[in-house]
Amino acid sequence: MLRSLPSVFSLLLAYLSVVHAVNLSVSVHSTFASNALKARDTNSTIPVHNTRNAEYIANITLGGRQIPVLLDTGSSDLWVTGSVPTTKDLGKSVSVNYAVGTAAGDINAADLDFAGYHVSDQAYLLVENTASFSLNITSQGFEGLIGLGPNTGSVILDKLDDDSGNSVLNRIFSQNSTSANYMTLLLGRESAANQTFTGQLTISELVPGFESITSMPKLTVETVHKLTDEDQHWQVYTDAHGVIGPDGQAIDVDSIVPDAPDNKLVVVFDSGYTLPQVPRDMSDAIYGRVQGAAYNEDLGVWTLPCNQLLNVTFKFGGQDYPIHPLDLVSSDFNVVDATGSPVCVGTFQPITSAFSLLGEYDIILGMAFMRNTYSLFDYGDWVNEASNDRQDPYIQLLSVTNVAQAHADFVKVRMNGVDTSGSASQHLVPADQGQKSPVSKAEKKKLYEEMVLSRWPEIFVGCFAFVLIVIGIITWRCCVARRRRRERTAQQAAKMGLAPGGAGNGQTYNIVSGQASDMHLHEMSTKEPYGESYSGYKHGGV
């Protein structure tokens, strides 16, 4: 099993980024102090600490106490553990369920310092008891989480139901009209290879040396395809055929998002995920053709030789974003195979626990991708009462991975300085001989549920149209049957000598010759419109 538990924990903890399983308990209303933003410091750049390529952590000061928190672009709320010296309990509680436990407690308010800004009475969740977590998060280097995603995803805002519950960045931007509504994030990589930069986060400023990010394409944030926007994320479309696999060919998989353009996929950028989550067919295309690769069903990951050099590139806005080979094949998890030999983990894993049942997205690009870009997130008109930015939210990405240098890094770290990438053992097997990871019953169920849930309006319309068609067919058949009955009745009447005929002021019935076995016709009276008389008689010979 994975021994690097912090990596697994951050993966599961980031489940909040995708599915908010929220228990809102009954609470007492309280008075919240007016929001206020004080003058910020001169420096809005803060260092980002990397814990074994599994967690990215920065410090905040809350209620006078400095607290290390996980940086998560996939959620929107702030929560911390332990004591906060100067805080106010707002009397409303929230319980947020994770795969590894529950973060539960009261919503509090305290003064916050973050990235050079001072915010008064910032709402946050104070988690006093972390016993439900299967891990000691303090020993992993952080004591809380700060959500950097859209304000619409805030559980606290939903509970307080007014602006006092706005997220940290929403408060910073909405109350400081002189600052642009963007944040940037640069993530470092732990490895034996040299890196020219360290992790940094900025608000309304750029990291020096990376100013060219402003010339990169502005990737419009796509609205979540669902009835509400509660789960809005930092998500964009890839280019058409926008994922290039290790064989240099596009990896084409169908999007589960109902309104996605042909050959494009919806991607969420989430710094809270250690391992990016991709469609199973895409993960299989990346790792299934590697000699010596195996899919570990217990862990739900591909394992492969640590010296296997692979190249994958994502395309956004007409730009290439190559992934460093060290980020495709990770040695950070201390995994062994059935013989006890060390193996590495393929980081782009099949999306299972974070699967989008409502068809909101196809891919979650977590840390292993985001280490390869300097990312700018512009909140645009997501910010309440923002007067300085009325445009749609967007993302800009600047590639920080040089393919040639990345190749040299991998040779140094994984091949002991001897480039064996051209050897026969490194060659990919033919596509028709590639391995496929098995699909579990649970995943099959999720796929079926996604197909139904994400397309229920179309299914409803289709069912309604089907019902109308059936009703129409039944009505038509009834009308046809009734018309045929009338025709048969008329024909029978004609055969029995009751064919309509004559002319004049009244209706005259003429006798029609014919046979009607076993049938008696009574004598009928006649009318004499023109003075001629027709006597009735018995027909049928009886």
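Numbers at a glance
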{"item": "Test: residue in the stretch 452-474 that is of a type in the set (S, T, N, Q) and modelled with pLDDT of 95 or more", "result": "no"}
{"item": "Residue in the stretch 173-187 that is over 22 Å from Asp381 (Cβ atoms) and part of a loop (DSSP other than H, G, I, E, B) present", "result": "yes"}
{"item": "Unmet criterion (only one of (1) among the hydrophobic types (A, V, I, L, M, F, W, C); (2) in a loop (DSSP other than H, G, I, E, B); (3) more than 26 Å from Pro438 (Cα to Cα)) for Leu201", "result": "(2)"}
{"item": "One residue from Val127, Val119 being buried (at least 18 other Cβ atoms within 10 Å of the Cβ), touching a strand residue (DSSP E or B) at 6+ places or on another chain (Cβ under 8 Å) and in contact (Cβ under 8 Å) with a residue 60 or more places away in the chain", "result": "Val119"}
{"item": "Within the stretch 302-318, considering residues that are in contact with an Asp or Glu (Cβ under 8 Å, 6 or more places away or on another chain) and of a type in the set (S, T, N, Q), the one surrounded by the fewest Cβ atoms within 10 Å (Cβ to Cβ)", "result": "Thr313"}
{"item": "Residue among Val383, Val413 that alone is in contact with a Ser or Thr (Cβ under 7 Å, 6 or more places away or on another chain), under 23 Å from Leu70 (Cα atoms) and either surrounded by 13 or more Cβ atoms within 10 Å (Cβ to Cβ) or modelled with pLDDT of 95 or more (or both)", "result": "Val383"}
{"item": "Set Asn43, Asn23: member being assigned to a strand (DSSP E or B) and modelled with pLDDT under 95", "result": "Asn23"}
{"item": "Set Val257, Val266: member being over 27 Å from Leu186 (Cα atoms) and within 17 Å of the chain's Cα centre (by Cα)", "result": "Val257"}
{"item": "Identity of the residue in the stretch 295-354, without any contact (Cβ under 8 Å) to a residue 40 or more places away in the chain and assigned to a strand (DSSP E or B), that ends up nearest to the chain's Cα centre (by Cα)", "result": "Asn296"}
{"item": "Selection within the stretch 46-88 - of a type outside the set (Gly, Ala, Ser), under 27 Å from the mean Cα position of the chain (by Cα) and part of a loop (DSSP other than H, G, I, E, B)", "result": "Val48, Arg52, Asn53, Thr73, Asp77"}
{"item": "Candidate set: the stretch 177-196, residues that are in contact with a Leu (Cβ under 6 Å, 6 or more places away or on another chain) and either modelled with pLDDT under 95 or open to solvent by 20 Å² or more (accessible area, probe 1.4 Å) (or both); chosen: the one nearest to Thr274 (Cα to Cα)", "result": "Ser191"}
{"item": "Residues that are of a type outside the set (Phe, Trp, Tyr) and modelled with pLDDT under 90, drawn from the stretch 352-379", "result": "Thr352, Ser353, Ala354, Ser356, Leu357, Leu358, Gly359, Glu360"}
{"item": "Enumeration of residues in the stretch 291-301 that are open to solvent by less than 40 Å² (accessible area, probe 1.4 Å) and among the small types (Gly, Ala, Ser)", "result": "Ala293, Gly300"}
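Listed here are the residues, each with its yes/no results for (1) in a loop (DSSP other than H, G, I, E, B); (2) over 17 Å from Cys344 (Cβ atoms); (3) open to solvent by less than 30 Å² (accessible area, probe 1.4 Å).
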position: Val257; (1), (2), (3): yes, yes, yes
position: Ala260; (1), (2), (3): yes, yes, yes
position: Gly272; (1), (2), (3): yes, yes, yes
position: Met282; (1), (2), (3): no, yes, yes
position: Arg289; (1), (2), (3): yes, no, no
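The values are calculated or read from the model by the stated rules, or taken from the named source; none is laboratory data. Everything numeric in this text was worked out from a predicted model, so none of it was measured. Note that we place each Cβ from the backbone using ideal geometry, even for glycine, and neighbour counts take in every protein chain shown. Only protein heavy atoms, including side chains, enter the accessible area calculation; ligands, DNA and RNA are left aside. Shrake-Rupley method; radii C 1.70, N 1.55, O 1.52, S 1.80 Å.
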